[in-house]
1. Return Met1, Met92, Met41, Met179 ranked ascending by Cβ neighbour count within 10 Å, so the fewest neighbours appear first.
2. Calculate the FRET efficiency for Thr106 and Met179 from the Cβ-Cβ distance with a Förster distance of 45 Å, rounded to the nearest 0.05.
3. Can you give me the distance in nm between label points at Tyr156 and Glu135, each placed 7 Å from the Cα along the Cα-to-Cβ direction?
4. Using a 10 Å cut-off around each Cβ, can you sort Glu69, Glu181 from fewest to most neighbouring Cβ atoms?
5. Determine the calculated [θ] at 222 nm for the chain from helices alone, applying -39500 (n - 2.57) to every DSSP H run no shorter than 4 residues and normalising by the residue count; nearest 500 deg cm²/dmol.
6. Given 37 °C and 0.692 mPa s, how large is the Stokes-Einstein diffusion coefficient of the chain in µm²/s, with Rh as the Kirkwood radius over Cα pairs?
7. Tell me which residues come under 5 Å, amide H to amide H, from Asp101 once H is placed; ignore anything under 5 positions away on its chain.
8. At a threshold of 8 angstrom on Cα-Cα distance, excluding pairs fewer than six apart, so keeping six or more, what relative contact order does the chain reach in percent?
Amino acid sequence: MKINELEARITALEKQSRITQDIEEIKKLQRTYGYYIEQGMRDEIVDLFADGPDVALHLVGLGTFTGKEGVRRYFKSDYKETPDSEKLTQVMQLSGVVDVDLDGQTAKGRWYGWGGFALPQGGGIRQIYLSGIYENDYIKEDGKWKIKVIRHCITYAANPREGWVKPERIAAIDPKSVMEEPKPNIPDNTQPRYPSGYIFPFHFTHPITGKETSEKARNACFKKQA
């Protein structure tokens, strides 16, 4: 192999390595967005967005919130100032397909968003399953990938009480039957299930600010309330 051919091959491998690293960073960014959405961590959510004038949050059927301040205004209106342990907005970021543009500074991604919602409303709690699709733009600012545009289109919203299993099959369950789990080596007495308000701790700091996130304080707060 000639020197120029070897140099070209090394350059191509280095480029592919950079693209692979970029894709993994963007996937982490989007998945982190989903975890922050779940717990209404609005300051952390907004910090995931870029600072440029083209930043936007487009919700099909509702409209577009422009600029980082528009994004902040949406999430500020959507989440209460005081955390509510009965509120749940779980939107899992699934089946991501990410393509980095040739400039290495911009990218696009498509994701499913699926999860369960429990929304305080009119003195009670409204519960739904929600499925939607994201088509997002990303941009690299100061060496870090950030969200530039989120486009979200809801595919369906379903009432859990109606479900998807035929009523006669549900009715056929033997009420005396029990699904027993194996005994663990080390028991854990944590009570994480809704509506405890518990946030499963993150192993990573905020990818943009580098700061620790607020789950420790939130968990301590809910523990005191219990």
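1. Placing the least packed residue first, the sequence is Met179, Met1, Met92, Met41.
2. Using R0 = 45 Å, I get an efficiency of 0.40.
3. 2.2 nm
4. Result, fewest neighbours first: Glu181, Glu69.
5. Result for the chain: -10000 deg cm²/dmol, rounded to the nearest 500.
6. Here the translational diffusion coefficient equals 161 µm²/s.
7. Excluding prolines and chain starts, which carry no amide H, the hits are Thr106, Ala107, Lys108.
8. Reported relative contact order: 17 percent.
No value in this document is a laboratory result; all are computed from the given coordinates. No experiment lies behind these values; they were computed from the predicted model shown. Glycine gets a Cβ as well: all are built from the backbone with ideal geometry, and neighbour counts include every protein chain shown.
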